[in-house]
Amino acid sequence: MDCMEAIRTRRSTRAFTQEKVPDEQVKQIIEAGMYAPSAGNQQPWQFITITDKNILKKVPGTHPYATMVPQVSVAILVCGDTSLEKFKGYWVQDCAAATQNMLLAAHALGLGAVWTGVYPRQERVEGFRKLCKLPSHVVPLALLPIGYPAQKSGTAQRFKEDRIHNNTW
Ligand SMILES: Cc1cc2nc3c(=O)[nH]c(=O)nc-3n(C[C@H](O)[C@H](O)[C@H](O)COP(=O)(O)O)c2cc1C
């Protein structure tokens, strides 16, 4: 799949089959995250792979819009490590870039995933902090449940010529 095709055809997946995602593919998806650009190349990310069914089952209690998580064999929690920051405040953009790379990589591998937002909702940040025993300098940004899609998603038409401004508004 070429890059533009992956970008245009990626959609959120919220229904998954029970088939387990191979560890090698999970690693490839995280590798894609680690190739993201970051401010001053600081790479302030940490990734928690969540495979424990008990933890996966508890996620909807912490995140009301992540009810699909108990369906999957693995979810990846993308976190910012503020102790690795050289340029304060940029960790969110860095980790968001990593997250999008990961969604595209999952799609290119024939898998489905969805970005469920954690930061800046404080109650979700605290919930994941407890669930995954995160130290205080590690802030969860997004949880990505990953699996084989049990739904067909259509393509979207999102290009809007009128959102492009040349030189001045
Ligand atoms: C920052 C952010 C937070 C999101 N949070 C959730 C979420 O909590 N639950 C969910 O099901 N989808 C969530 N989404 C997915 C969006 O709903 C989805 O990307 C959007 O509707 C566009 O659809 P598409 O991903 O199929 O293109 C989130 C997306 C982003 C970028």
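Laboratory data are not the source of any read-out in this text; all were calculated from the coordinates shown. This is a predicted model, so every value here is computed, not measured. Please note: Cβ atoms are built from the backbone with ideal geometry, for glycine as well, and neighbour counts cover all protein chains shown.
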Given Cβ point charges of +1 (Lys, Arg) and -1 (Asp, Glu) and nothing else, what value in debye, to the nearest 20, does the dipole of the chain about its Cα centre take? 520
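For the chain, how big is Rg over Rh, using alpha carbon atoms and the Kirkwood form of Rh?
We get a ratio of 0.98 for the chain.
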Which of these, Cys79, Cys95, Cys132, has the largest mean-square fluctuation under a Gaussian network model of the chain (Cα springs below 10 Å)? Cys132
Between the stretch 7-30 and the stretch 77-135, the Cα center-to-center distance that results, in Å: 16
Cross-link table Lys57/Lys88; Lys88/Lys160; Lys20/Lys57; Lys57/Lys130; Lys57/Lys86; Lys20/Lys58, entries beyond 25 Å C-alpha to C-alpha: Lys57/Lys88; Lys88/Lys160; Lys57/Lys86
For the chain, what's the relative contact order in percent, using C-alpha pairs closer than 8 Å and at least 6 residues apart? 33
Who wins for biggest fluctuation among Pro37, Pro149, Pro135 in a Gaussian network model of the chain, springs between alpha carbons below 10 Å? Pro135
The stretch 1-83 - charge dipole about Cα centre, Lys and Arg +1 at Cβ, Asp and Glu -1, debye rounded to 20: 420
Across Gln28, Gln157, Gln100, the residue with the highest GNM fluctuation in the chain (Cα network, 10 Å cutoff) is Gln157
